Amino acid sequence: MDVLDFLKKYRLELVCILILLALVLIYNNQFYSIFGEKKYVAIHLMMEILIIVASFSIAIQAWLIVPYILSNRRLYIGALFLSLGLIEIIHTLSYKGMPFFIENSSPYSATWFYIIGRLTLPIGLLIIYILKPKKVRPAQRRITYGFAFLYAAIWMLLVFNTNHFLPPLFIDGVGPTLLKKSLQFLSLLLQITLIVYLWKNRNSSPIEKTMIIIGSIFMILGDVMFTTYNNVYDIRNFIGHVIQLVSYHYFLKALYYSSVEEPFKLLIETKAKLESSKESLHYTAYHDELTGLPNSRFLNEVLTTDLQKKDTKTAILMLKIDRLKVIYESLGSTFTDTVIKEVSIRLRESLPSEIFISRLSGGEFTIILHEIKAQDDVLTVCNQIHQAMKEQFQIQHFQLKVNLNIGVTIYPDHGQSIEELLKHAQIAMRKAKKDVKRYKFYKPKMEQHLEERLLLEHDLHYALENGELFLEYQPQVDVGTGRIDFVEALLRWKHPKKGVISPATFIPIAEESGLIVPIGEWVLETACKQTQKWHDEGNSNLGVAVNLSIRQFLQHNLVEIVKDTLEKTHLSPDYLELEITESMTMDKHYTIETLHNLKQLGVKIAIDDFGTGYSSLSYLKDFPIDCLKIDRAFVKNIHSNDRDALLISMIISLAKHLKLKIVAEGVEEIDQFEFLAKLDCDYIQGYLCGKPLSPDELSSKIEASQQQNYSYI
């Protein structure tokens, strides 16, 4: 509650007091002696008792709370009001008309004790609030409250001294003296000073200080009443006591608020924050930070509940973003996180809200379908997912096509435990990558293929060391002359037990495991060494094309590796062509910098499988490219697909205008060759002009082509 809220809350009390005050000031004569002289002593006694009770309530409350609050301000306020309560008692007992106490009651004693109390309050509060807040020991209560008793006792000795050396403040038949009025005005100034000080420093403990300010304002109004009344029977004297009682009420509320209500509210707020924190911790423990979807812990709890239902079937769909590793290695983690987040949003928006979706790690998600009736229920969800991914993602300045591979297991058909079901779903998901529909239901034989793959990965770790890897070279033939000017180095693996392993089988394993980096460096060095050997044998115009994997291309020391390899093998950089794919060009800044650094070495750059990747014609303008290689998928359908023929024609025309060398891959028929020759394609590569050969076999072919006057085709 701020100051404005507080004033609004107590506005009725303030308005009532102000109205009462206005009535008394306006109609003072009509109210004069309204209670009668005989009744006034009793009325005064009643008012004073209430004021004394209020004073001691503040003192007792402070005494009780100090051991828990340990605040010097609370302790001193309690002691201050204890001394005020004692002084009020003495003032009451010495009031005119009261029975014998230490001496007969008289205006002299009563007025002095009143003035002492009026001066003590503002001075005490000023000192307390000026002092720097600090902690106190509970034992200090006795000492501090002892000083309060001593303070009241000293004033008793001074006022009740038989010599009456203090000047009188009130004269019967005359009224208040100038000294009394002056002291009351001094009290008023001190009260105003207190108000100003508290207002300027209200930022700390604003509610407490606001209550003290309001109490002080009422004390000032009481002073006005006490200063202006004609005699003790004046209604203003009575109203002054009422207002003084109201002011003590606010002082009491100030102490109560700061010592009880405010700590209680803080306790409630702390409890609420703790509950909120527990909920937040629970949410964090059971939800993925990036996507906000349930995590693996949440998934396990849901599956545990489902697996206890023996009479129903539960489908588990394992989803994985295809080629996410390529995106990560090309564009970095921030871009990858954005892709994952956008995919999660589409999944949530495209599927019914009752379907459970969770994220495991990386680009993997899991969907649970409860109580499925038939396989078609699962197929419907799979189709919904693929339909949601059909539209390209707009991420930064990229239009990105994202595919999801989905593996499906069904409880209890494909497993009894959570671990078994998730494992089988993951196996099916890997198989889905090679399926046109991109979803697969688990079958037991899939596990056998996975084991074979793991064994193959194990053997691949030692293939390079054991000399099982070798290179074959496929010629690139000049369409105009039939001469072999370039060859492409192709990696092969001859397993000691399984024989020759297809590159389509082991190269993806090498890429996923990271083995492609050392293998790629070996390929580069071996190809350069062999090419230099051909040069030494007389084939000095022969160049070699070497494929770079995305992991190699993203190595920050790639340029140094290529430079060291050329120096080590003594091959001129003019005869080395490095082939990259379009997917490697996604990070434009890195690609431009890397390609320019490679070009400074003198090597040539080719784009392999042009037209099948993340095609963007802008890189043909921005990147230092020497060659475009048309993918075999276009060449294969030249005569059966007019669109492919048109695309090839456009690619060749574009390359010619940009003065780029053009190589068509996968040429296997003479009709394909003739079509490409008419379009003025520079080079062809394929079984028509030669399958991949060993270095010795290729040397013989080159010699044969030269003896046939370059008529290799």
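Do we have Tyr76 as of a type in the set (Phe, Trp, Tyr) and over 53 Å from the mean Cα position of the chain (by Cα) here? Here the answer is no, as Tyr76 does not meet what is asked. Only one of the numbered conditions (1) on the phi > 0 side of the Ramachandran plot; (2) touching a residue at least 40 places away in the same chain (Cβ under 8 Å) is violated by Gly467, and that is (2). Restricting the first member to the stretch 510-524 and to residues that are under 15 Å from Gln555 (Cα atoms) and assigned by TED's automatic domain parsing to the domain that holds Leu548, and the second to residues that are among the β-branched types (Val, Ile, Thr) and buried (at least 22 other Cβ atoms within 10 Å of the Cβ), the beta-carbon pairs closer than 8 Å and six or more apart or on different chains are Leu524/Val546; Leu524/Val562. Against the conditions (1) at pLDDT 90 or above; (2) surrounded by fewer than 16 Cβ atoms within 10 Å (Cβ to Cβ); (3) within 14 Å of Leu307 (Cβ to Cβ), Thr409 satisfies every one except (2).
Answer with yes or no whether Gln426 is surrounded by 15 or more Cβ atoms within 10 Å (Cβ to Cβ), within 16 Å of Ile316 (Cα to Cα) and touching a residue at least 40 places away in the same chain (Cβ under 8 Å). Lay out the reasoning, then the answer.
On the way: surrounded by 15 or more Cβ atoms within 10 Å (Cβ to Cβ): yes; within 16 Å of Ile316 (Cα to Cα): yes; touching a residue at least 40 places away in the same chain (Cβ under 8 Å): yes.
Answer is yes for this residue.
Out of Leu460, Leu490, report the one residue that is at pLDDT 90 or above, part of a helix (DSSP H, G or I) and in the same structural domain as Glu703 (by TED's automatic domain parsing).
Working: Leu490 fails: part of a helix (DSSP H, G or I).
Exactly one residue qualifies, and that residue is Leu460.
For Ile662, are the conditions met, namely being surrounded by fewer than 18 Cβ atoms within 10 Å (Cβ to Cβ), assigned by TED's automatic domain parsing to the domain that holds Lys533 and among the β-branched types (Val, Ile, Thr)? Here the answer is no, as Ile662 does not meet what is asked. Across the stretch 571-599, the qualifying residues are those that are at pLDDT below 80 and aliphatic (A, V, I, L, M), and the one among them that is nearest to Gln532 (Cα to Cα) is Met584.
Given the criteria outside the structural domain of Ile327 (by TED's automatic domain parsing), assigned to a strand (DSSP E or B) and either of a type outside the set (Asp, Glu) or at pLDDT 90 or above (or both), does Ala606 qualify? Here the answer is yes, as Ala606 does meet what is asked.
When Asp622, Asp626, Asp644, Asp631 are checked against the criterion of being touching a residue at least 12 places away in the same chain (Cβ under 8 Å) and either more than 22 Å from Phe486 (Cα to Cα) or more than 54 Å from the chain's Cα centre (by Cα) (or both), Asp622 stands alone in meeting it. Against the conditions (1) over 24 Å from Ile127 (Cβ atoms); (2) touching a helix residue (DSSP H, G or I) at 6+ places or on another chain (Cβ under 8 Å); (3) of a type in the set (A, V, I, L, M); (4) free of Cβ contacts under 8 Å to residues at least 40 places away in the same chain, Leu178 satisfies every one except (2). Could you grab me the full set of residues in the stretch 320-355 that are at negative phi and of a type in the set (Lys, Arg)? Those that are at negative phi and of a type in the set (Lys, Arg): Lys320, Lys325, Lys341, Arg346, Arg348. Looking at Leu194, Leu166, just one residue is assigned by TED's automatic domain parsing to the domain that holds Arg73 and crowded, with 21+ Cβ neighbours inside 10 Å, and that residue is Leu194. Restricting the stretch 665-681 to residues that are aliphatic (A, V, I, L, M) and assigned to a loop (DSSP other than H, G, I, E, B) leaves a set whose member that is surrounded by the fewest Cβ atoms within 10 Å (Cβ to Cβ) is Leu679. Taking the listed residues Arg142, Arg137, the one that is in the same structural domain as Leu80 (by TED's automatic domain parsing), assigned to a loop (DSSP other than H, G, I, E, B) and closer than 24 Å to Leu70 by Cβ is Arg137, with no other qualifying. Somewhere in the stretch 342-354, is a residue assigned to a strand (DSSP E or B) and surrounded by fewer than 20 Cβ atoms within 10 Å (Cβ to Cβ)? No, the conditions are met nowhere in the stretch 342-354. For the stretch 179-228, the set of residues classified as at pLDDT below 85, more than 60 Å from the chain's Cα centre (by Cα) and not aromatic (Phe, Trp, Tyr) consists of Lys180, Lys181, Gln184, Val224, Met225, Thr227, Thr228, listed by residue number.
Does at least one position in the stretch 464-484 carry a residue that is modelled with pLDDT under 90, of a type in the set (A, V, I, L, M) and assigned to a helix (DSSP H, G or I)? No: the stretch 464-484 contains no residue that is modelled with pLDDT under 90, of a type in the set (A, V, I, L, M) and assigned to a helix (DSSP H, G or I).
Among the residues examined, Ser330 qualifies as in contact (Cβ under 8 Å) with a residue 24 or more places away in the chain and over 26 Å from His424 (Cα atoms).
The values are calculated or read from the model by the stated rules, or taken from the named source; none is laboratory data. No experiment lies behind these values; they were computed from the predicted model shown. Note: ideal-geometry Cβ built from the backbone for every residue, glycine included; neighbour counts use all protein chains shown.
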